[in-house]
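Please read the structure below before turning to the comments.
The values are calculated or read from the model by the stated rules, or taken from the named source; none is laboratory data. Predicted model, so just to flag it, every value in this text is computed and none were measured. Here the Cβ positions follow ideal geometry from the backbone for every residue, glycine too, while neighbour counts run over all protein chains shown.
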Amino acid sequence: MKIVCDIAVPFLAETVQRGWRDVTVCPMNPEEIDADTLRDADALVVRTRTRADEQLLTGSRVQLVCTATIGYDHIDTAWCESHGIRWTACPGCNAQAVYDYIEEVINTITNPPTIGIVGVGHVGSLVADMAARRGLRVLLNDPPKGIGVSLDEIARKSSIITFHVPLEPSTRHMCNDAFLRQCRPGTLVINASRGGVVDEIALLRHSLDPEQNISYVLDTWENEPDINREVLAHATLASMHIAGYSLAGKRNATQMCLDAIAEHFALPRLSVVMPDIVPGDTAPGWIGRITAQLRQNPDQFEHLRKSYPLR
C-alpha cells in the first residue's frame, strides 16, 4: 500500500513508518504531486495547495483523499464521490488556534462594544464565548444552523466583524461592496476563514474612504500566495494563512487523517508520534511582528508560511 502526502502535513510520515508494516509513505511538495506520482498510490493526504480533482486523480488507484485542513474547497468532492473515491476533512482540528488568533487581534485594539460573528461552528462558537466573557454584545449569523440575525444586521450594528465560514458558492464574496456600505464608520473586519469570503478590492476601497475608514485584519487571502500588495499595505494586521498553525492543531489534523486511513483500509489505529519541537512566538504582539515580516517580504508568502514555527 502507498500513501502520497503533502510534506507540510507534520508527523504523518514518521508515524506511518513506525506503525504500519507494508505501507509506504511518500512526502512530497505540493508541486510534485501530479497524476504520474499518484498512479500507484492508494491514499492521498493534502493541504490547501493541492487541487484534488479529475485532472489529478484520473488514472490513479487512489481510494481515499484526506485533507489535513478544515476547508475542503480544493477537493472536487462531487467528482470524487461519483468515481468511488472517499474524501475526508478535519473539521475543528485547529479551532483553538484560530480562536487564539482572533483573541490576540481583539487584545491589540480597543474593546469593541459589539462583535458580529459570521459562522458559528467550532471557531465561531469559541469566539462567541470569549466575547461574552469580556462583556461584549454578541451578534451571530449562521443561516444553515438557523442561528442568529441577518447578515445585514451584522453589518449595521457591529463594530467588529469576524468571518468563520467555509468557502462555498453561497459564501464567496459575502463580505462585498453592498455589505461594507452598511457597516459603521471605523468597523474592523477580520477574515481568518478562506480568502474568497471577502472581496478584498471592495474592502480596500472602503478602508480608503475617509467617511467609512473601515479597517481590516487578514490571515486568508484571495490568490494565495500571490497576494495583493496594496491590500497588504493598508491592513491593520496581516499574516500568511497561519491563524490555525499551532502544534495541537497540526497534531489533531494529522491524527484525524491517520484515523480515516486506518478505518478505510482496515489498519490498526496509530497515535501521532510527536518529536521535540521548540514552540513559536506567543508573546503579546506576535501578530504585529508577523505583519511586519510579511510586509517586508510579500513575495515570500509561501516560504514564510511553510517555515512558520508552530505556536
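Miscellaneous remarks
- Only listed residue being among the small types (Gly, Ala, Ser) and either more than 13 Å from Thr254 (Cα to Cα) or not assigned by TED's automatic domain parsing to the domain that holds His74 (or both), chosen from Ala8, Ala13, Ala41: Ala41
- Annotation note: Cβ proximity below 8 Å between a residue of the stretch 105-122 that is closer than 11 Å to Phe163 by Cβ and a residue that is among the hydrophobic types (A, V, I, L, M, F, W, C) and assigned to a loop (DSSP other than H, G, I, E, B) (sequence gap 6+ or interchain) occurs for Val118/Val165; Val118/Met174; Gly119/Val165.
- Subset of the stretch 19-36 that is charged (D, E, K, R) and more than 24 Å from Asp259 (Cβ to Cβ) - its residue that is surrounded by the fewest Cβ atoms within 10 Å (Cβ to Cβ): Glu31
- Residues in the stretch 232-278 that are surrounded by fewer than 22 Cβ atoms within 10 Å (Cβ to Cβ) and β-branched (Val, Ile, Thr): Thr236, Val272, Val273, Ile277, Val278.
- So Val46, is it buried (at least 21 other Cβ atoms within 10 Å of the Cβ), touching a Ser or Thr at 6+ places or on another chain (Cβ under 7 Å) and not assigned by TED's automatic domain parsing to the domain that holds Leu151: yes
Conditions tested, residue by residue: (1) in contact with a helix residue (DSSP H, G or I) (Cβ under 9 Å, 6 or more places away or on another chain); (2) surrounded by fewer than 19 Cβ atoms within 10 Å (Cβ to Cβ).
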{"residue": "Ile75", "(1), (2)": "no, no"}
{"residue": "Trp79", "(1), (2)": "yes, yes"}
{"residue": "Cys90", "(1), (2)": "yes, no"}
{"residue": "Ala95", "(1), (2)": "yes, no"}
{"residue": "Glu103", "(1), (2)": "yes, yes"}
{"residue": "Asn107", "(1), (2)": "no, yes"}
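- Any hit, the stretch 97-108, residues being part of a loop (DSSP other than H, G, I, E, B) and not hydroxyl-bearing (Ser, Thr, Tyr): no
- Meets criteria (of a type in the set (Val, Ile, Thr), in contact with a His (Cβ under 6 Å, 6 or more places away or on another chain) and closer than 19 Å to Asp73 by Cα) for Thr220: yes
- Residue among Asp53, Asp6, Asp34 that alone is within 24 Å of the chain's Cα centre (by Cα) and free of Cβ contacts under 8 Å to residues at least 24 places away in the same chain: Asp34
- Check on Arg39, surrounded by fewer than 18 Cβ atoms within 10 Å (Cβ to Cβ) and closer than 28 Å to Asp226 by Cα: no
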